[in-house]
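Single-structure report; data block below.
The values are calculated or read from the model by the stated rules, or taken from the named source; none is laboratory data. Everything numeric in this text was worked out from a predicted model, so none of it was measured. Please note: Cβ atoms are built from the backbone with ideal geometry, for glycine as well, and neighbour counts cover all protein chains shown.
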Amino acid sequence: MQRTGLAKDEASAEEEQEAERAPPVTCVFLTPDELASTPLALVRRIDSRARKPDLGIFGRRRLRMAAEAVSRRADTKALQDVALRLTDESSLTECLDAYAERVWAPGTVIALLIDEAQRCKVHDEQTKDNILALYDGDHKVRMPLLFFGLPDAGSVLYALGLSRLPDSVAKTMGRLEKGEGGEVLERTFNALGLSAQGDAGWQAHLKDSGISVPEWTKWREKLIKRLESESQDFPQHLAVGLSAACVGILRTEKGASFDDALLQDIADDHQERREGYYEGRLESGALAPHALAFGAICALFSRREADVIRRGEAMELLVAGHQAQLGGGALNADQVLNVAVAKGVFGHVKSKAARPITPPPIPSMQTHVEHGFLQGLDEGEPAALALQTVLDRLAPPAQTQSRRAEIKAGFGLRDGP
């Protein structure tokens, strides 16, 4: 038994040594709009951000090493020397090679993280040239690319010329596995120093707050369990939950106590932030006028207890809502659905020619969107009533009342007769 323990210790030591030998990786976030910059402007932006890494990604010590590795040779003379060699006409490979040779330390690895990849400008030649140059990797610095986006991001990258993407490099990100949300929250709190082993300043704060370390640990466990439960294992909800938690914990510096009341305040803030995320999706551009129709589509999923509906049924509800609200006029319902899918309001089955519609990927988002429709019914909105007529024809309303009561209870409302 003792040998096993020693073997594990030796293996862990070897892994740590291997990690120390590996070149530090600096992560740089870029937007699709920034990918449309000239090569020189893009590399300058990458260089600037590589020197100021986000300490929340991998850990302070590792990122300090990465920043030092990038900055070791980046004195004023080196930057001036590079500036003399490069112009706005220089290619991206020329710019990267110049920085690799004269500014960045040997062995530098800079990972580029591009969020909202579905927004990359397909018809912009500069964007296409930059992405292809980075993807081909024919330059003197290791610069792996990581794209993050909604389901149609893959087709956007394909349109930009990345036609050799094997299935193994694409990962569909959905809900975390059960228990992983709590692990993420715990690791994040530990990284922020909000733990029983926090620094002297945190220990002094706990003492000033009149709470012992065991009491704090128990309170933190309750907070993690509640945030994990309310986040439904969705990363975005975990992120806004962490924001709400940090804001709440900061309030203890101004006299708030680590008690159940603070837990409830954090939970309320978390719910407001989740709903703000939903509203942001619904109010984006062309989707805003169709919120009631989206709620009716969600109600159709609920009535049927279905995981998929025909695309034509969703389009029929969209047209009905459009006519009731605007009194007619042309509507490209198919295009509206495409935008809704791109924004993550709904999903669709791409493998089927008819592209049937699937519910919102986050269950609580479906509840939120459907609540807007049910609220419209309660207030007698003409558009909501018109949608209900179509909805009743598509699916019998046998369970409507019980479903309405369930949703309204979720929002802390009482159901009427």
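Couple of notes before you dig in:
- Segment 188-227, residues that are of a type in the set (Lys, Arg) and at pLDDT 90 or above: LYS218, ARG220, LYS222, LYS225, ARG226
- Among the numbered conditions (1) part of a loop (DSSP other than H, G, I, E, B); (2) over 19 Å from ARG273 (Cα atoms); (3) touching a helix residue (DSSP H, G or I) at 6+ places or on another chain (Cβ under 6 Å), the only one that ASP233 does not meet is (2).
- Against the test of being crowded, with 17+ Cβ neighbours inside 10 Å and more than 30 Å from the chain's Cα centre (by Cα), the options CYS120, CYS95 yield a single qualifying residue, CYS95.
For (1) modelled with pLDDT of 90 or more; (2) more than 24 Å from ASP115 (Cβ to Cβ); (3) over 24 Å from the mean Cα position of the chain (by Cα); (4) not assigned by TED's automatic domain parsing to the domain that holds GLU230, each residue gets a yes or a no:
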{"position": "ALA288", "(1), (2), (3), (4)": "no, no, no, yes"}
{"position": "PHE294", "(1), (2), (3), (4)": "yes, yes, no, yes"}
{"position": "LEU300", "(1), (2), (3), (4)": "yes, yes, yes, yes"}
{"position": "LEU317", "(1), (2), (3), (4)": "yes, yes, yes, yes"}
{"position": "HIS348", "(1), (2), (3), (4)": "no, no, no, yes"}
{"position": "ALA353", "(1), (2), (3), (4)": "no, yes, yes, yes"}
{"position": "PRO359", "(1), (2), (3), (4)": "yes, yes, no, yes"}
{"position": "LEU374", "(1), (2), (3), (4)": "yes, yes, yes, yes"}
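- Segment 376-408, residues that are within 26 Å of ARG281 (Cβ to Cβ), among the small types (Gly, Ala, Ser) and either outside the structural domain of GLU313 (by TED's automatic domain parsing) or modelled with pLDDT of 90 or more (or both): GLY376, ALA383, ALA384, ALA386
- Tabulated pairs, segment 366-378, first touching a residue at least 24 places away in the same chain (Cβ under 8 Å) and of a type in the set (Lys, Arg), second surrounded by fewer than 19 Cβ atoms within 10 Å (Cβ to Cβ) and assigned to a helix (DSSP H, G or I), C-beta under 9 angstrom, 6+ apart or interchain: none
- Any hit, segment 186-202, residues being touching a Phe, Trp or Tyr at 6+ places or on another chain (Cβ under 8 Å) and under 21 Å from GLN271 (Cβ atoms): no
- Filter pass, VAL141 being over 27 Å from LEU337 (Cβ atoms) and either out of contact with any Cys (no Cβ under 6 Å at 6 or more places or on another chain) or buried (at least 19 other Cβ atoms within 10 Å of the Cβ) (or both): yes
- Candidates ALA261, ALA267, ALA291, ALA245: the one that is aliphatic (A, V, I, L, M) and without any contact (Cβ under 8 Å) to a residue 12 or more places away in the chain is ALA261.
- Test: residue in segment 60-70 that is outside any helix (DSSP H, G or I) and modelled with pLDDT under 85: no
- Note on segment 218-235: residues that are under 13 Å from PRO361 (Cα atoms) and surrounded by fewer than 14 Cβ atoms within 10 Å (Cβ to Cβ) amount to 0.
- Residue in segment 320-338 that is farthest from GLU381 (Cα to Cα), counting only those that are more than 29 Å from the chain's Cα centre (by Cα) and surrounded by 15 or more Cβ atoms within 10 Å (Cβ to Cβ): LEU331
The rows are residues; the columns are (1) among the hydroxyl-bearing types (Ser, Thr, Tyr); (2) without any contact (Cβ under 8 Å) to a residue 40 or more places away in the chain; (3) within 23 Å of THR26 (Cβ to Cβ); (4) not assigned by TED's automatic domain parsing to the domain that holds LEU30.
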{"position": "ILE114", "(1), (2), (3), (4)": "no, no, yes, no"}
{"position": "CYS120", "(1), (2), (3), (4)": "no, no, yes, no"}
{"position": "GLU125", "(1), (2), (3), (4)": "no, yes, no, no"}
{"position": "ASP138", "(1), (2), (3), (4)": "no, no, yes, no"}
{"position": "LEU150", "(1), (2), (3), (4)": "no, no, no, no"}
{"position": "THR188", "(1), (2), (3), (4)": "yes, no, yes, yes"}
{"position": "GLY193", "(1), (2), (3), (4)": "no, yes, yes, yes"}
{"position": "ALA200", "(1), (2), (3), (4)": "no, yes, no, yes"}
{"position": "GLN203", "(1), (2), (3), (4)": "no, yes, no, yes"}
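- Those residues of segment 330-383 which are of a type in the set (D, E, K, R) and either within 12 Å of GLY295 (Cβ to Cβ) or assigned to a helix (DSSP H, G or I) (or both), in sequence order: ASP334, GLU370, ASP378, GLU381
- Check on ASP268, of a type outside the set (S, T, N, Q) and in a helix (DSSP H, G or I): yes
- Residues within segment 300-329 that are outside any helix (DSSP H, G or I) and aliphatic (A, V, I, L, M), tallied: 3
- Residues that are among the aliphatic types (A, V, I, L, M), crowded, with 18+ Cβ neighbours inside 10 Å and under 14 Å from GLY295 (Cα atoms) within segment 384-396 comprise ALA384, ALA386, LEU387, VAL390, LEU391, listed in sequence order.
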